[in-house]
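What follows is a single structure, written as structure tokens, with notes after it.
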Amino acid sequence: MADKILKIMVRDICDIWEDLKPNFTARLPLKQVRIRNGKDPVPELPLHYILPDEWAHLERTDTHQSLWSPMLLRPFTNLIILSCDDVEEYKQRLKTRLRETREQVERSSESQWLVVLVRLPSSGAGRNPARLYDRLRSDTRSKDRCCYLDLSQESGNCWDELEERLAECLRETFEERASQLEAALHRMEPASNTSLPSRGWFSQYFLAKDSCAMLYTLAGLFSDALEEYRGLQCETMRHLEAGTFGGTMVGDDEAALLDPGRKPLNWLLLHCCEFDLRQYLFAQQSQLHLLQKDVLSVVRSGLLFIANFAEILDQRAAELPAGLRHAWLITACLALTQAVKEGREGDKTTNTFIELHQLTGKLFLLARSTLLQLGKLVHLEVSMKRRQGPCASSCGGQCSRIEDSNAPGAEDEGAASRSPAGSPRGAPTETPGAPTPACEGPTEPVDALDALIPKLTGPHSSAGSFDSADDVTNLAAHISHEDLREALSSQVNFDDMYTALTCSAADQYYMCKRQRAAAKLDGDVAELRMVQGDYRGAEPLLKRQCELYARDGWNVLLAHQLPLLTKCRQKMCSPDLPQTYLQLLSLPALLLQPSLRSQVCSHLAELSAPQDCLAEMEIEISQILQLRPTVAAAGAGADHKVMPSVGTTGHILH
């Protein structure tokens with residue numbers, strides 16, 4: 001059932017509901033309702049007022065067809081609404097209609113009923129309303145099932161009485177229905193039931209347990225509903241050990257982690273496939289966490305579920321459609337990130353908020369890594385050239401270790417910066433007054449999940465590629481997710497999706513203060529844009545990256561990225577080019593080749609020459625002349641002993 005809200009049937013015998021509806025809905029949700037004895041009050045209980053015609057339509061379209069469906073679908077209370085001015089009018093016009101309506105409710109429904117006598121603001125003074133109310137209670141033979149609502153006065157006391165009576169009706173109905181379900185479940189417990197066939201017993205047990213959880217959800221008892229689904233999940237896993245797996249239908253490549261209604265429940269139980277039932281149970285539990293506004297639990301459990309389920313898909317790769325594992329994993333990550341986007345709340349400074357952004361960043365990175373794997377299957381790869389920086393040889397492979405430690409999803413960045421062997425600063429150039437790296441926030445809960453990404457993106461049995469162009473076309477055409485299908489249709493669209501996932505991950509890391517991880521992702525996007533010839537799009541990303549590395553003294557990484565920033569500014573004829581040259585010259589001698597240092601000095605000398613004004617670059621000659629002493633000193637420094645390097649950045653400045 002998609003509509004997890006308690007329903008109140010409105011039986012309007014005076015045709016006044018349309019005028020009253022705004023007043024009733026304005027009081028929702030009900031506050032602090034004790035829906036079950038022995039339980040804490042529900043802080044907020046949403047209600048939905050529904051007319052008989054609407055309920056009949058819902059009953060016809062219900063997809064949760066089972067023995068317990070009427071119990072979940074039927075309204076919990078019937079409000080019989082009437083309005084009149086005096087006893088005589090009541091006797092002549094309403095008494096018979098009230099009796100017939102009440103009898104109809106008692107015959108057709110097991111829910112409670114409440115008669116509400118309404119005095120409208122437009123009503124006259126009336127003659128003795130107390131006498132009319134007493135007559136109404138006498139005719140219904142109940143004092144507790146009648147309520148007087150005087151809307152001609154501004155006092156809210158009348159609403160308090162109505163809400164109290166309404167809550168009592170809801171509690172009685174809930175207790176009655178919950179008792180029926182719990183008794184049925186007790187009779188169907190596996191230990192006490194051996195007579196039914198396995199498939200028939202399991203279907204009945206599943207429907208009863210699922211209905212019980214839904215009943216708790218309707219009543220706002222989310223913790224109780226979660227317990228029911230956890231118990232059902234354990235029993236389902238035992239039952240599915242020898243069953244079929246599934247995952248071969250059209251649309252199965254798109255994950256249903258947050259969509260329990262993707263397939264009808266009766267269909268799921270008829271086929272009893274692990275692929276569908278595991279996702280259904282996870283989706284129901286995720287919906288409960290979202291109703292509790294606990295998005296963090298959804299993401300944490302979602303990452304663990306994705307890891308375990310992807311491993312199962314890998315083991316069954318031979319019996320599943322090609323590419324299903326990759327497509328499922330990508331769409332699962334995107335579904336969780338969308339849930340975070342829609343349900344995120346809270347103080348942006350809290351550890352919970354920081355961890356939520358870290359986990360969301362990991363989801364985007366996992367989707368990106370899997371997209372690259374899926375692209376290889378259809379002969380699509382991101383057009384990027386991985387560079388070996390100018391320090392790789394001279395630092396004995398230190399730079400590659402730094403790149404790994406700085407990558408998002410690796411070990412805690414703070415630990416890397418504290419380790420002498422992994423320090424990216426190269427030469428000890430920082431001073432006591434240098435700025436310290438930004439706080440990366442709490443990482444312990446996140447680091448526990450760090451092993452998932454290598455596990456999910458490493459080699460697996462479904463890797464490979466298609467040799468036939470028809471196979472490639474068929475795989476891309478049968479992808480259900482529209483954005484993913486579009487990404488596999490061309491190299492341009494593939495690069496666009498890669499860029500979007502990378503930028504989204506970087507945004508998440510910036511928001512949780514993991515600046516260096518975000519900067520690394522900015523560098524990936526910048527490199528792709530440079531390959532595409534979009535130097536103006538790459539320049540601001542590289543600038544932000546270099547500023548961060550320079551601020552924190554990460555000189556090895558700065559030596560990797562400054563040549564790229566230099567190339568962008570050369571292509572753009574940027575007025576900031578001399579400043580970039582000076583940044584290169586300020587690097588420790590170990591990190592800059594002598595030949596490259598000499599080239600930089602030559603370029604600066606050319607820029608400062610009076611005969612070469614380079615008006616199109618709009619560079620102040622006086623500013624360049626002020627830099628000449630620095631250039632000369634840097635040129636002299638090039639004669640000092642520097643370890644040789646096999647880096648490939650020298651050609652950038654030609």
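Arrange the peptides 132-144, 371-383 so that the one whose residues have, on average, the most other Cβ atoms within 10 Å appears first.
371-383, 132-144
How long are the semi-axes of the equivalent ellipsoid of segment 178-349, taking √(5λ) for every eigenvalue λ of the Cα gyration tensor, in whole Å from largest down?
On the way: eigenvalues 144, 111, 27 Å².
Square roots of five times the eigenvalues give 27, 24, 12 Å.
Just to be sure I understand the model, the point goes 7 Å from the Cα along the line to the Cβ. What's the resulting Gln32 to Gln579 distance in nm?
6.0 nm
Using the basic label-point model (7 angstrom from Cα toward the beta carbon), what is the Lys571 to Lys4 distance in nanometres?
5.0 nm
For segment 6-176, report the % of Cα-Cα distances exceeding 24 Å.
Values: 5425 of 14535 pairs.
The share of Cα pairs beyond 24 Å in segment 6-176 comes to 37 percent.
Please compute the modelled spin-label separation between Gln532 and Lys143, points set 7 Å along Cα→Cβ, answer in nm with one decimal.
For the pair Lys143/Gln532, the computed spacing is 7.7 nm.
Let me spell out the model: positive unit charges on the Cβ of Lys and Arg, negative unit charges on the Cβ of Asp and Glu, origin at the Cα centre of segment 6-176. What dipole size does that give, in debye rounded to 20? Could the numbers behind the result be given before it?
Values: 27 positive and 31 negative charges, 78 e Å.
It works out to roughly 380 debye.
Readers should treat all values here as calculations from the given coordinates under stated rules, not as data from a laboratory. In this text, all values refer to a predicted model and were calculated from it rather than measured experimentally. Methodologically, a virtual Cβ is constructed for each residue, glycine included, from the backbone with ideal geometry; neighbour enumeration extends over all protein chains shown.
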